[in-house]
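The values are calculated or read from the model by the stated rules, or taken from the named source; none is laboratory data. All values derive from a computational prediction rather than experimental measurement. Cβ coordinates were reconstructed from backbone atoms using ideal geometry, including for glycine residues, and neighbour counts include every protein chain displayed.
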Amino acid sequence: MNSIHRSVLKQHFRQLASDIILTDTLLGAMYQTQIFERNMIDLIKAEKTEGDKVCKLLELLPKRGPDAFDLFLEVIQNDYPWL
């Protein structure tokens with residue numbers, strides 16, 4: 001992920017964290033698009049609260065390679081078009 005994408009995530013972190021609801025369907029889509037590997041999905045699910053789960057996702061996302069940002073937007077655009 002490039003610095004511009006990291007900056008966008010950082011700038012919108014609060015809104016992303018409050019709007020995204022991590023369902024099994026959403027996490028499955030992130031697995032299918034290879035944003036996250038199975039062990040990363042397990043790390044996200046292991047967090048205690050829903051807010052912590054989203055924060056863990058947003059913490060791991062910038063480390064997932066150059067295509068992660070675009071794939072993330074692709075996955076969330078159907079359920080969260082305002083983001």
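Only one residue in LEU57, LEU83 is within 23 Å of ASN2 (Cα to Cα), touching a helix residue (DSSP H, G or I) at 6+ places or on another chain (Cβ under 9 Å) and surrounded by fewer than 17 Cβ atoms within 10 Å (Cβ to Cβ). Which one?
LEU83
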- Task: Among the residues of the stretch 1-10, write down those that are surrounded by 15 or more Cβ atoms within 10 Å (Cβ to Cβ) and part of a loop (DSSP other than H, G, I, E, B).
- Result: MET1
- Query: What do you reckon, is LEU60 touching a residue at least 60 places away in the same chain (Cβ under 8 Å), part of a helix (DSSP H, G or I) and aliphatic (A, V, I, L, M)?
  - Reply: no
- Within the stretch 32-51, how many residues turn out to be modelled with pLDDT of 95 or more, over 12 Å from the mean Cα position of the chain (by Cα) and assigned to a helix (DSSP H, G or I)? 6
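Tally up the residues in the stretch 63-83 that are part of a helix (DSSP H, G or I) and either among the acidic types (Asp, Glu) or in contact with a Gly (Cβ under 7 Å, 6 or more places away or on another chain) (or both), please. Break it down into steps so the answer makes sense when it comes.
Step one: filter the stretch 63-83 for residues part of a helix (DSSP H, G or I), giving 63, 68-76.
Within this subset, residues satisfying the condition of being either among the acidic types (Asp, Glu) or in contact with a Gly (Cβ under 7 Å, 6 or more places away or on another chain) (or both) are 70, 74.
Going through the stretch 63-83 one residue at a time, the tally reaches 2.
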- Selected residue [among the acidic types (Asp, Glu), out of contact with any Asp or Glu (no Cβ under 6 Å at 6 or more places or on another chain) and surrounded by 14 or more Cβ atoms within 10 Å (Cβ to Cβ)] from GLU47, GLU37: GLU47
- Message: Among the residues of the stretch 11-31, what is the count of those that are assigned to a helix (DSSP H, G or I) and surrounded by 11 or more Cβ atoms within 10 Å (Cβ to Cβ)?
- Response: 11
